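Enquirer: After the structure tokens below, expect a handful of questions from me.
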Amino acid sequence: MEIIRNLFYGFPHLWGGGVAHSVMILALVIALGLALGKLKVARVSLGLTWVLFIGILFGYLSFNLDEHLLHFMKEFGLILFVYSIGLQVGPGFFSSFKKGGLSLNMLTIGIIALSIVTTLIIQYFSGESITTMAGILSGAVTNTPGLGAAQQANSDINGVDAPEIAMGYALTYPMGVIGVILSFLILRFLLRINSNQEEKVAESGLGQLEDLTVRPFSVEVSNKMIDGKTVKEIRDILERKFVISRLAPKGSDRQDTVVNGRTILHVGDIVNVISTPKDVDPIIALLGKPAEINWDDCDKRLISRRVLVTKPNINGTTLHQLKLRANFGANVTRVNRSGVDLVATPNLKLQLGDKLTVVGSEMAINHTEKLLGNQLKRLNYPNLIPIFLGIALGCFVANIPIDLPGFSHAVKLGLTGGPLVVAILIGYFGPKYHLVTYNTISANLMLREIGICIFLASVGLGAGKEFFSTALTTQGLHWILYGVIITMLPILIGGLIGRFALHLDYYTLIGVLAGTNTNPPALAYANGLTSADSPSVSYATVYPFAMFLRIITIQIMVIALG
């Protein structure tokens, strides 16, 4: 019995209660929290937040860790989590501001600004401390890195942790999840949404997402003005990005050789084109008319296959430099990167882990596979040097003081902002300079989940002693009410702006709103409403910038008013 007691409460003669005690408590908190996180009510789950709740319970029961050890584990877990987030979003961070993504991110800025203003108004009238409101804000917008950023900023200023940050987060997080979904339902009623009509608009891919997706379609050439012109000449006339992957000549069941810039088109030919949705109509208007054809029934000599880029020397190389058409007779029609399809333009730089859709003969595709790698085994081996080198650089950047006018203390990016900024820059610029930063989605997810679990468990253990004395009071109910207001008011206002000012379809709109609140359960709910991928595409477009803004703005708020 004494061994069991010491394992739970710590060995009195060992620092921090002993390694066995510390590891066992952390492991139990995380395991129980993850198990409860699988529970769903009406398709909604609190997920990893259960780790925080179990940590609070263990802390209340005094199954705790040494204060210094707890602080180290919390910061280390946060660094792992934030850095892996940065690596994930880095490749698409800056490209998300191009064309259609710019207006969506501007809407994100407005919603985040509204949530900050709402928080400060509540803080002014309620008299709550800024640390309490920072925790309430983090929970209300379901942003765990924001919780870490607020704690880190407060620790830099005051030298101690503020348990009310974690308590505010824990109290408001559940309603942060539910409040977003309730806001979606209210917007559906206010906007008088016609599901069938919105579904058609979303599936068309037009609107703000038209530059962020690609679509294949077939066209029969009937315009005599372009009879005898090459594909390159047609591209120069249209001045639009598109790829012709296959060609069925007039009066023949045979599919011609791989199409390139020198291929000549004739009236009656049928071509398979890949382009963005906004370019579909202009391309059809120039070439002729839409056609229905089953390309699989054409000549079996040409096949289509996905090829994975796994050779490090290909990283940062453009499609034009590879000369796949000239050397092998293979044609790249699209590139899938992080779940998003891109038009395979000659100047597109490839990255390790890209999936290329290649059309050609069996031999041509085999040669292409040898050139690009196409060996998943190569990617399964984790590339650890950029991770630890980036974390070290992130810790250095985290402590660089930045003097801003009007601030009594120098602003620092902290252990959330520093590693995040470095990871985003490495993830984006690495391939451009042939630096291999790729890790598989599963490896990155493992690193991220371990980090956030350690962080949440440590936060919960540190806040457990005072949590129930606050939660079961009138003050706790007030905090929950503040959280509901911070969750729903900016989303409702932002939803109306997105609908009437940006003319977003409903499914794109709720994807943006879920991404702005970095809320995966809300995205899952949105995806369940439609067969279109617009919620996922719009979520992925705004998520990187929203995550960055949430982390930075909450630090500035705490430093300025703390």
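The values are calculated or read from the model by the stated rules, or taken from the named source; none is laboratory data. Keep in mind the model is a prediction, meaning the values are calculated, not measured. Because the Cβ atoms are built from the backbone with ideal geometry, glycine has one as well, and the counts that use them run over all protein chains shown. What goes into the accessible areas is simple: the full protein's heavy atoms, side chains included, and nothing from ligands, DNA or RNA. Shrake-Rupley method; radii C 1.70, N 1.55, O 1.52, S 1.80 Å.
Enquirer: For segment 59-199, report the translational diffusion coefficient in µm²/s to the nearest whole number, using Stokes-Einstein at 4 °C, 1.567 mPa s, and a Kirkwood Rh over Cα pairs.
Expert: Estimated diffusion coefficient is 73 µm²/s.
Enquirer: Take residue 502 and residue 345, extend 7 Å from each Cα along the Cα→Cβ direction, and tell me the distance between the two endpoints in nm.
Expert: 2.2
Enquirer: Could you work out Rg/(2.2 N^0.38 Å) for segment 450-531, with Rg from alpha carbons only?
Expert: Computed over Cα atoms of segment 450-531, the ratio equals 1.47.
Enquirer: With the cut-off at 1.5 for a/c, could you classify segment 101-183 from its C-alpha gyration tensor as rounded, prolate or oblate?
Expert: It is prolate, given that a/c is not under 1.5 and a/b is the larger ratio.
Enquirer: Further question: Using label points projected 7 Å from each Cα along Cα→Cβ, tell me how many nm separate residue 375 and residue 262, to one decimal.
Expert: Once both label points are built, they end up 3.4 nm from each other.
Enquirer: Let me ask something else. Obtain the nm distance between the two label points defined at residue 445 and residue 469 by a simple spin-label model: each point lies 7 Å from its Cα along the Cα-to-C-beta direction.
Expert: So the two model labels end up 4.2 nm from each other.
Enquirer: Once amide H atoms are built 1.01 Å from N in the peptide plane, which residues 5 or more positions from residue 354, or in another chain, come under 5 Å H to H?
Expert: Distant-sequence amide H within range of residue 354: 309.
Enquirer: Using the Karplus equation 6.51 cos²θ - 1.76 cosθ + 1.60 (θ = phi - 60°), what ³J(HN,Hα) coupling, rounded to whole Hz, does each residue of segment 143-152 give in order, writing x for Gly and Pro?
Expert: 10, 5, x, x, 4, x, 5, 5, 5, 5
Enquirer: Still on this structure, please answer the following. Among 156, 281, what's the order by accessible area (1.4 angstrom probe), most exposed first?
Expert: 281, 156
Enquirer: Now, a different point. In terms of modelled amide H atoms, which long-range or inter-chain residues lie less than 5 Å from the amide H of residue 375?
Expert: 310
Enquirer: Using the Karplus curve 6.51 cos²θ - 1.76 cosθ + 1.60 with θ = phi - 60°, what ³J(HN,Hα) values do you get for each residue of segment 179-191, in whole Hz, with x for Gly and Pro?
Expert: x, 5, 5, 4, 5, 4, 5, 5, 5, 4, 6, 5, 8
Enquirer: Also, quick follow-up: Report, in listed order, any pair from 232/355; 232/278; 241/349; 241/278 with a Cα-Cα distance greater than 22 Å.
Expert: Flagged as over cut-off: 232/355.
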